[in-house]
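Written below as structure tokens is the structure these notes are about.
Rule-based calculations on the coordinates, nothing more; no lab input. Nothing here was measured: the structure is a model prediction, and the numbers come from that model. Glycine also receives a Cβ, built like all others from the backbone with ideal geometry; neighbour counts cover every protein chain displayed.
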Amino acid sequence: MNKILLYPCNVLGYIRLIMLLCAIVFIYFYHYNNWPFGYELRFAVAIWLFIGPSAIDAIDGYVARKYRHATKFGALFELTIDMLVHTVVWSISGLAIAPVILVFEWVVALYIAAFTLYEDTSWKKMLANEGGWLTRVYYKPMKYNIFCEYCNLAHFVFPITFFVCGSMTTLGCIALPGIIVYEIVSVGMLCVFIKVLLNDNVDETS
């Protein structure tokens with residue numbers, strides 16, 4: 001157990017978590033003291049969140065695969081940090097739809113966590129084989145899926161632009177199609193998860 005906790009990929013996860021907590025404390029501290037939180041400061045927080053919790057996300061996955069340190073603990077730990085980053089970014093965006101998106105995405109995350117423990121095969125491979133055409137394209141196994149990376153990046157960029165600028169920007173318009181696809185794929189994922197669980201229940205009772 002101690003060895004798994006100290007895997008390099010999990011250590012990177014601890015760094016992501018610490019950087020995220022620092023951002024939360026910083027934002028709370030400024031709001032608590034009613035200090036001016038201008039554009040430059042908001043932009044600095046956005047860069048911190050991107051370089052830290054978001055950018056390191058791509059590195060720890062690579063490290064886990066390279067050293068064969070992929071574990072169920074690591075997968076669930078990474079999922080937890082991803083969802084915490086999503087929660088913070090959407091919460092500070094000020095968008096009225098943010099609570100709805102967060103509730104839905106936490107529901108999807110719970111199903112992902114269940115399948116991480118429940119299935120012997122990767123849930124991503126399952127979605128690539130059994131999902132709708134958009135889900136299959138999104139999770140198509142390849143070395144670098146540009147379409148998937150764009151949508152994942154858009155999920156961060158779209159809300160953070162509202163936090164920084166307070167309104168829709170050109171960058172937000174570029175990210176908008178990606179966030180729409182991201183949420184549609186999330187709906188498709190949930191449908192596949194529920195379908196698989198229902199089929200398994202039918203097999204057990206028959």
In debye, nearest 20, what is the charge dipole magnitude of the chain about its Cα centre with +1 on Lys and Arg Cβ and -1 on Asp and Glu Cβ, if you could check? 540 debye
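Can you give the local net charge around Ala64? Use residues other than it whose beta-carbon is closer than 15 angstrom to its beta-carbon, Lys and Arg +1, Asp and Glu -1.
+3
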Given Cα pairs under 8 Å that are at least 6 residues apart, what percent is the relative contact order of the chain? 19 percent
Helix-only CD estimate at 222 nm, as mean residue ellipticity for the chain, using -39500 (n - 2.57) per DSSP H run (n ≥ 4): -26500 deg cm²/dmol
What shape does the range 1-70 have by the C-alpha gyration tensor, where a ≥ b ≥ c are the square roots of the eigenvalues, rounded means a/c under 1.5, and otherwise prolate means a/b greater than b/c and oblate the rest? oblate
Using only the alpha-carbon atoms, how far is helix 72-93 inclined from the longest principal axis of the chain? Give it as 0 to 90 degrees, nearest 10. 40 degrees
On a 0 to 90° scale, report how tilted helix 146-165 is relative to the longest principal axis of the chain, with both axes built from alpha carbons and the result rounded to the nearest 10. 30 degrees
Any chance you could check the Cα centroid distance between the range 16-52 and the range 132-158 for me, in angstrom? 28 Å
Scan (i) 1.15; (ii) 1.09; (iii) 1.05 for the value of Cα Rg over 2.2 N^0.38 Å calculated from this model and give just the label. (ii)
Where in the chain lies the longest segment free of trypsin sites (Lys or Arg not before Pro) that are both loop residues by DSSP (not H, G, I, E, B) and have at most 14 other Cβ atoms within 10 Å? 69-142
